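The values are calculated or read from the model by the stated rules, or taken from the named source; none is laboratory data. Source: prediction; values computed, not measured. Cβ coordinates were reconstructed from backbone atoms using ideal geometry, including for glycine residues, and neighbour counts include every protein chain displayed.
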Amino acid sequence: MSDTKPYVRPDVALFLQFLNAVPGPKFWEVPADDARAMTAAMRDVADAPVGKLAIIRDISIPGPTGPISARVYDKRADRGAGPVMVFYHGGGFVIGSLYTYEPYCAEVARLLDLPVISIDYRLSPEHPFPAPAEDCEAATRWIASSPAELGLEVTGLITSGDSAGGNLTIVTTMALRDNPAAVPVLVQHPIYPVVTLDADWPSMREFATGYLLTDEAMAYFGDGHAATPGDYRAEPLNFDQSGMPPSLVTTASLDPLRDQGIAYVEKLKQAGIRVVHRSADGTIHGHINIRQAIPSTQQDVEGNIEALKSMLAEVMADA
């Protein structure tokens, strides 16, 4: 490990100082329902307001074991045929919800000027691996078919999500590569994704404590999700990435997951996939939904969406 201290943005340093001084139990020290409540309460403290949109609408999607709740965000009340983003939230497969990611999804719908559909997949430990992945694949296939209940004519998909949702982005895209849906995945945008069960990475050691996503939190998530080693849905890094769509991968320099995200970028490059890697330097895992507490995050999100728009424009021009 280097003796040089990593660069930390001033607003990130202030947030970490506050976060690490908060008294009481941490979310990984309490049952899942309590951890989810703590995470929901953090949204109102740390994240930006949802803001105005023409459409914020709940829908129900047929799933493998019952209905899957989802939420549609759109800046336009009337929308012609076109691509949609399907978003899979983070939270280690254990916490996270439509509610906790609503500010981010609303902001992306505004910046991207496309519908964003957030998927409320089943959570572990009540529904362990591979239930979240099964729900996300089923929901994405349903959206691709432009069902009447969706009220949108979908011509292509953008898959995206952060952390655990970054994993779900990749494995859903792999599933649709191998068994195509009604319309193609045009671009995938995993954000600081989980791509392996291997914990032997320098960033895992360097940022194990004090940077929001701790080793205790990762153990809590891992125990709850109970992923099967060797399954592509647990470890997509170890599987062939040939034939994947153009990919925008985001990592954060102070994130324990940083190095595995960078390894996934290299895996895509080796497979001949067009990939853009954006590193959010000086910030932490989970920053996309801490925009109020870490104001510099707004530039990260805007930069990501600009890069995504450029990639999407190139793909559609080539079609």
Item to complete: Considering each of GLU216, GLU266 in turn, give the residue that is in a helix (DSSP H, G or I), of a type in the set (Asp, Glu) and either in contact with a helix residue (DSSP H, G or I) (Cβ under 6 Å, 6 or more places away or on another chain) or crowded, with 20+ Cβ neighbours inside 10 Å (or both).
Response: GLU216
Worksheet item: Residues of segment 163-186 being under 14 Å from the mean Cα position of the chain (by Cα) and not in a helix (DSSP H, G or I), which ones?
Response: SER163
Item to complete: Assess whether SER160 counts as being crowded, with 23+ Cβ neighbours inside 10 Å, among the hydroxyl-bearing types (Ser, Thr, Tyr) and assigned to a strand (DSSP E or B).
Response: yes
Practice prompt. Evaluate segment 48-61: report whether one residue or more is under 18 Å from the mean Cα position of the chain (by Cα), over 20 Å from GLY166 (Cα atoms) and touching a residue at least 12 places away in the same chain (Cβ under 8 Å).
Written response: yes
Worksheet item: Quick one: is ILE294 under 19 Å from THR169 (Cα atoms), hydrophobic (A, V, I, L, M, F, W, C) and either assigned to a helix (DSSP H, G or I) or at pLDDT 95 or above (or both)?
Response: no
Practice prompt. Might you check whether a residue that is touching a Phe, Trp or Tyr at 6+ places or on another chain (Cβ under 9 Å), farther than 30 Å from PRO147 by Cβ and surrounded by fewer than 22 Cβ atoms within 10 Å (Cβ to Cβ) occurs anywhere in segment 174-195?
Written response: no
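Each row is one residue, and each column tells you yes or no for (1) at pLDDT 95 or above; (2) surrounded by fewer than 21 Cβ atoms within 10 Å (Cβ to Cβ); (3) in contact with a Leu (Cβ under 7 Å, 6 or more places away or on another chain); (4) under 27 Å from SER146 (Cα atoms).
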{"position": "LEU197", "(1), (2), (3), (4)": "yes, yes, no, no"}
{"position": "TYR220", "(1), (2), (3), (4)": "yes, no, no, no"}
{"position": "GLU235", "(1), (2), (3), (4)": "yes, yes, yes, no"}
{"position": "ASP240", "(1), (2), (3), (4)": "yes, yes, no, no"}
{"position": "ALA252", "(1), (2), (3), (4)": "yes, no, no, no"}
{"position": "PRO256", "(1), (2), (3), (4)": "yes, no, yes, no"}
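Here is a yes/no grid of residues against (1) within 27 Å of LEU19 (Cβ to Cβ); (2) out of contact with any Ser or Thr (no Cβ under 9 Å at 6 or more places or on another chain):
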| position | (1), (2) |
| --- | --- |
| VAL195 | yes, yes |
| SER203 | yes, no |
| ALA208 | yes, no |
| ASP215 | yes, no |
| GLY222 | yes, yes |
| GLU235 | no, no |
Worksheet entry | Any chance ALA77 is out of contact with any helix residue (DSSP H, G or I) (no Cβ under 7 Å at 6 or more places or on another chain), part of a helix (DSSP H, G or I) and modelled with pLDDT of 95 or more | no
Worksheet, complete the sentence: A careful count of residues in segment 14-31 that are among the β-branched types (Val, Ile, Thr) and farther than 18 Å from ILE284 by Cα gives 1
Practice prompt. Go through segment 15-50 and give me each residue that's assigned to a helix (DSSP H, G or I), under 29 Å from ASP200 (Cα atoms) and among the aliphatic types (A, V, I, L, M).
Written response: LEU16, LEU19, ALA21, ALA32, ALA35
